[in-house]
Amino acid sequence: MTTRVGVLLNSIAGFGGTLAMHGTDRLAADRFADAVAAGRASRRLVRALETWRSRGGAARLVPAPGLLGADTLRSAGFDAHVEADRDAGIAAGGTVIGPTTRLDTLAAARRLVADGIDALLFSGGDGTATDIAEAIGLAVPVIGVPSGVKMHSQVFSRSPEAAGRLLAELTAGRAWDETADVLDAAADGSTGVIAALRAARAGEPLQGAKGGASASSDEGERRAIAAELLRASGPATTWIIGPGTTAAALADALGVAGTLRGVDVRHPSGRVEPDVDEERLLAVVTAAADPRLVLGVVGGQGFLLGRGNHELSPRVLAALGPDRVSIVATSSKVATLVPPVLYIDADDGLGGEPAGSRHPLLGYRRVRTGARQTTVLNVVDAAA
């Protein structure tokens, strides 16, 4: 019996990442077309399906109609069979009426389950996962293609390619599933469990759930890390402070009210630019005499880039240079990394360079963990 895999796309997911919008939950209606045209979630869905196909994946793909999946699959050359429409939020003929909303996602997910799918592949972020959990609960196993701004939940693969490999295992009958938490972030950067989904599993692990801020006992290590960074700097240093509590300790030492979830710039004059976007970061890095980036690690996941810090794009990192990047993590956070590596899940190409360009931070990198304490970890491509 042929496996029926539902495919659901949040076509605007990930649009706000480089723009320092932290998501598209409140995207203005007049920017919807721009977000669809940017196509980040669509491209990443195709990458997952191409990996699945390259591994001989055999299944019947049943996409949601129009912008919710079918359009992307057809454009990429996949057979996109849309079941007969039955929901008010979705127009007949496989199209969607007007800009899609979470109500369309809810309706599409419910319809796919009602039409008898065996599993659901979806492309989006934590907001999309939350909507799907509300719509279908534990009805069928799901595979999340990480395509949003933030992906803290356990239902996501580490990369689109990893999602494709997992789908190949599932459609070959070599996968199982287990209940996994769906998390979302509050405005203060904290995360909490929102719901649960049945996450498909196979030999290749999914990403873990994002861990909370490290214990208060780690506060001394964070302050020590910040003090050593300051001692190694000079009066011409322009600080670029990435998201997270460990990097935020430097902001505190500099007297900067950091945004925690965003990327802040502190100029040698003392002027602060909070929550800057990718274009502004590139301009700052290019113009500064001594730009330095402080980059934290996502607890519980090991992600260095690709989870909530898309402003730090490959072209920004290429312009900055790896020697001007200080990776910071408390010793307890490093101890929880299984395996003990750091991941980068970046879009292909370095801002105009050919696809397949090597990310500038890949390889063995020193990680500052405390007062005069460092370790060396391998930074790897999550797609590998």
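The values are calculated or read from the model by the stated rules, or taken from the named source; none is laboratory data. Note that the structure is predicted; figures quoted are calculated from it, not measured. Because the Cβ atoms are built from the backbone with ideal geometry, glycine has one as well, and the counts that use them run over all protein chains shown. Just the protein is used for accessible areas: all its heavy atoms, side chains included, with ligands, DNA and RNA removed. Shrake-Rupley method; radii C 1.70, N 1.55, O 1.52, S 1.80 Å.
Note on mean projected area of the Cα convex hull in nm²: of the candidates (1) 18.0; (2) 20.6; (3) 24.2, the value calculated from this structure sits at (1).
What number, in percent, do you get for the relative contact order of the chain if the mean sequence gap of Cα pairs under 8 Å and at least 6 apart is divided by its residue count? Worked out over the chain, it gives 14 percent. Each Lys and Arg contributes +1 and each Asp and Glu -1, all at the Cβ; summed about the Cα centre of the chain, the dipole is approximately 780 debye. Simple spin-label estimate for Glu279 and Glu219 gives 4.0 nm between the two label positions (7 Å along the Cα-to-Cβ direction from each Cα).
When the chain is treated as a Gaussian network with alpha carbon springs shorter than 10 Å, the biggest mean-square fluctuation among Gly302, Gly66, Gly255 belongs to Gly255.
The accessible-area ordering, largest first, of the residues Arg358, Arg47 stands as Arg358, Arg47, per a 1.4 angstrom probe. Tell me whether region 293-384 comes out rounded, prolate or oblate; compute the Cα gyration tensor, take square roots of the eigenvalues as a ≥ b ≥ c, and use a/c under 1.5 as the rounded threshold. Prolate. Subtracting the Cα-Cα distance of Ser357 and Ser75 from 0.36 nm times their residue separation leaves 99.0 nm of extension gain. The listed peptides 12-19, 375-382, ordered by packing as a protection proxy, come out as 12-19, 375-382 (highest mean of other Cβ atoms within 10 Å first). Which of rounded, prolate or oblate describes region 244-287 when judged by the alpha-carbon gyration tensor and an a/c cut-off of 1.5? Oblate. The value of relative contact order for region 220-287, using C-alpha pairs under 8 Å at least six residues apart, is 26 percent. Placing a label point 7 Å from the Cα of Val341 along the Cα-to-Cβ direction, the residues of region 365-384 whose backbone N falls under 19 Å from that point are 365-367, 375-384. Highest mobility in the GNM of the chain, judged by mean-square fluctuation with C-alpha springs under 10 Å and restricted to Gly148, Gly242, Gly220, is found for Gly220. Sort region 129-183 into rounded, prolate or oblate with this rule: let a ≥ b ≥ c be the square roots of the eigenvalues of the Cα gyration tensor; rounded if a/c is under 1.5, and if a/c is not under 1.5, prolate when a/b is larger than b/c, oblate otherwise. Oblate, since a/c reaches 1.5 and b/c is not below a/b.
Note on the chain: GNM, Cα springs under 10 Å; of Val265, Val297, Val36, the largest mean-square fluctuation is that of Val36. Take the Cα of Ala227, go 7 Å toward its beta carbon, and none of the backbone nitrogen atoms of region 273-303 fall under 14 Å from that spot.
Between Leu27 and Tyr364, the contour length at 0.36 nm per residue exceeds the alpha carbon distance by 117.5 nm.
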